[in-house]
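Every read-out reported here was derived from the displayed coordinates using simple, explicitly stated rules and does not represent laboratory data. Small disclaimer: the values here were computed from a predicted structure and weren't measured. Cβ sites come from the backbone with ideal geometry, for glycine too, and all protein chains shown count toward neighbours.
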Amino acid sequence: MLWFTFAMGLLIPVAMVACYPVFVHRSHGEPNSWSGYRSPLAMKNTRNWREANRLCGRYWLRWGIGFGLACLLVFVALFASGNRVVGVWETTSLVLAGLGLVAMAVPALLVERRLVEFDASADASTSSAAR
């Protein structure tokens, strides 16, 4: 049972790292409504779509590796302390899952902020080129 809770505690960071190739693949395609980083600003045009998927993939890879290492460290410390109480491991796994959801959401905020800047710079260069 301890190994199961250990595996579940690492599920979110592994999923984040595993999604990196999906984001990279999607960054070469056109905006779609079923896969990739989808927000109104990201789907505004192909340029934004590619930048959003490239950024999100990079952030999820980095955050997934970092969070995965932190999860491993927590479980190694728990195991090394001699604690074999299933309830403690389950609680730890649930807390890490909650933190993992935060680790998945924060990069979206960073991508949106960068997209606003990216879109504004594209609009400015387009309007100056039109003059």
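Computed from backbone phi with θ = phi - 60° and the Karplus coefficients 6.51, -1.76 and 1.60, the 3J(HN,Hα) list for the range 40-48 is x, 6, 5, 8, 4, 7, 5, 4, 5 Hz; x is used for glycine and proline. Listing CYS19, CYS71 from fewest to most neighbouring C-beta atoms within 10 Å gives CYS19, CYS71.
With the gyration tensor restricted to C-alpha atoms of the range 1-47, the semi-axes of the equivalent ellipsoid amount to 32, 10, 7 Å, longest first. The stretch between SER121 and MET1, if pulled fully straight at 0.36 nm per residue, gains 37.9 nm over its current Cα-Cα span. Dividing the summed helix terms, -39500 (n - 2.57) for each DSSP H run of n ≥ 4, by the number of residues in the chain produces a 222 nm estimate of -27000 deg cm²/dmol to the nearest 500. For the range 112-123, the Karplus equation 6.51 cos²θ - 1.76 cosθ + 1.60, evaluated at θ = phi - 60°, returns couplings of 4, 5, 5, 5, 4, 5, 4, 5, 5, 5, 5, 5 Hz by residue, with Gly and Pro reported as x.
Residue-normalised convex hull volume from the C-alpha trace of the range 2-122: 93 Å³ per residue.
Taking a Cβ cut-off of under 13 Å around PRO107, the surrounding Lys, Arg, Asp and Glu residues balance to a net charge of +4, with basic ones at +1 and acidic ones at -1. The residues TYR20, TYR37, when put in order of fewest to most other Cβ atoms within 10 Å, stand as TYR20, TYR37. Measuring nothing but how far apart in sequence close Cα pairs (under 8 Å, 6+ apart) lie, relative to its length, the chain scores a relative contact order of 35 percent.
Footprinting exposure proxy ranking of MET1, MET16, MET43, fewest other C-beta atoms within 10 angstrom first, gives MET1, MET43, MET16.
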